[in-house]
1. Within the set of pairs 6+ apart or on separate chains, which have a first residue in the stretch 254-267 that is within 19 Å of Met80 (Cβ to Cβ) and assigned to a loop (DSSP other than H, G, I, E, B), a second that is open to solvent by 20 Å² or more (accessible area, probe 1.4 Å) and polar (S, T, N, Q), and C-beta atoms under 7 Å apart?
2. Just to be sure, is Leu390 over 23 Å from Leu172 (Cβ atoms), aliphatic (A, V, I, L, M), surrounded by fewer than 16 Cβ atoms within 10 Å (Cβ to Cβ) and touching a residue at least 12 places away in the same chain (Cβ under 8 Å)?
3. Which number in (1) closer than 20 Å to Met286 by Cβ; (2) without any contact (Cβ under 8 Å) to a residue 60 or more places away in the chain; (3) among the aromatic types (Phe, Trp, Tyr) marks the one condition that Phe64 misses?
4. Is at least one residue of the stretch 298-314 within 24 Å of the chain's Cα centre (by Cα) and more than 26 Å from Ile18 (Cα to Cα)?
5. Identify all residues within the stretch 308-330 that are farther than 20 Å from Phe360 by Cα and either crowded, with 20+ Cβ neighbours inside 10 Å or hydrophobic (A, V, I, L, M, F, W, C) (or both); write none if there are none.
6. Give the residues of the stretch 246-268 that are surrounded by 14 or more Cβ atoms within 10 Å (Cβ to Cβ), over 14 Å from Ile61 (Cα atoms) and either in contact with a Ser or Thr (Cβ under 8 Å, 6 or more places away or on another chain) or of a type outside the set (A, V, I, L, M) (or both), sorted by residue number.
7. Can you tell me how many residues within the stretch 107-127 are touching a residue at least 60 places away in the same chain (Cβ under 8 Å) and closer than 22 Å to Arg397 by Cα?
8. Confirm whether Asn75 is touching a Gly at 6+ places or on another chain (Cβ under 7 Å), polar (S, T, N, Q) and closer than 30 Å to Gly265 by Cβ.
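The values are calculated or read from the model by the stated rules, or taken from the named source; none is laboratory data. A quick note: this is a predicted structure, and the numbers were derived from the prediction, not measured. Positions of Cβ are generated from backbone atoms using ideal geometry, with glycine treated the same way; all protein chains shown enter the neighbour counts. These area figures cover heavy atoms from the full protein model, side chains too; ligands, DNA and RNA do not enter into them. Shrake-Rupley method; radii C 1.70, N 1.55, O 1.52, S 1.80 Å.
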Amino acid sequence: MALMPLFAVAMMLGLLAIGSHVAVAMGVVTTGMVLALDGVPITVIAQTAFKSVNSYPLMAIPMFVLAGNLMMKGNIAGLMIDLIGSLVRAVRGGLALTVMITCIFFAAISGSSVGSAAAIGAATVKGLKAEEYPARFSAGLVAVGGTIGLMIPPSLGFILIGSIVGLPVDKLFIAGVLPGLMEGSMLLIAVAFMSRRYGYGKTTARPDWTGFTRRLPKAGAAVLMPVFIIGSIYTGMLTPTEVSAFAAAYAAILCLIVYRSVTAGQTWQVVKDSLLQSTMIFAVVMAGSLVGFVLARMGVSAAVVDFIKGINMTAWQFLLVANLILLVLGMFLDGVAMIVLTAPLLFPIAAALGINPIHFAVIMVANVEIATLTPPVGLNLFVMSGISKLPVHEVVRGVLPFYGVRLIGLALITYVPAISLALI
């Protein structure tokens, strides 16, 4: 019995190595572990898996995925780039700064790092190339900017954590606002510094206020979307699940009726793609629920908590260790799998050490952001490799200058709790 966890980890890594989906690998291994436990009926497997997705907060995931995919297909990113660029492109590196600001905007309507990177990358890569930005800088810029979609609400990561750990998703959303804006501001400073240092991009003579005024009415409906989403959550008018349905309906109206940038046939394809993406997320959650059940049944969580207390580990030491663990796991797992696997184990330890669970949730999401940029399986790297037609290692080189900024942001979020908790 004592060797079972080590055998399970080896088995899971083996399945992942041969190309199994993470949900399949987790599900097969943990199902075997449940069957090996004495006194556990086989029906527990189905009951535990079903209970994990029979959750009101998780109902928000398909709707937010659909809203993000519709906005991506409807080229809303292009509208925002034209609007913001009217003013920002008058400074050195203006187009790169415009792209980063658009990433911050898109984060407030997408909830997905990959979706944000794909939408903005498709709309900007050619323009960045035309202004003679280095290709790998452009790819790295969009890859890093897309990660903000995981922090600024609506965030799929916060929905998952709230459902798994039992935290209120609306408070998690609010907690992500200031850290997300801080991360975006730090990246804007980094982009401005690099653009001036290396002479990236072209500039216009002056801000185009006339163009901005002309474009604002057309883009106004899209600009209001994040205001409605964040405002309704912050004021308590709507729950995150209700907001998700509103966001999907609003996105459909924008793309089908207001801008007419998506046809009915394309909408049906977006719905099917969104359903597939949501199903994959739910599959990982179901498999992960069995991991949590096994950990609790075998007493692993309680044993780890007792061990941490026994060695007198302080809160700041645990946070350092937790970040290191999550950064390493981020090299091999996607964000959903990271959250599902580690949340049941790490949150009880954090609670035992007196760490605010909402603060710890923000720390975990910050790590997931970095994971999407970390080779060999960082999803944003592959998205931008496909869009920019660059090898993945070139995209990694483009991301590298921003990586230190993300680590500094992680350190601030970890050791300055007020950044996460000030608005709650």
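1. Going by the 7 Å Cβ cut-off, the qualifying pairs are Ser261/Asn75.
2. Taking the combined requirement at face value, the residue does not satisfy it.
3. (2) is the only condition that Phe64 fails.
4. No: the stretch 298-314 contains no residue that is within 24 Å of the chain's Cα centre (by Cα) and more than 26 Å from Ile18 (Cα to Cα).
5. Of the stretch 308-330, the ones farther than 20 Å from Phe360 by Cα are 310-311.
Listed by number, the list holds a single entry, Ile311.
6. Tyr250, Ala252, Cys255, Leu256, Tyr259, Ser261, Gln266, Thr267
7. Number of matching residues: 7.
8. Against the criterion (touching a Gly at 6+ places or on another chain (Cβ under 7 Å), polar (S, T, N, Q) and closer than 30 Å to Gly265 by Cβ), Asn75 does not qualify.
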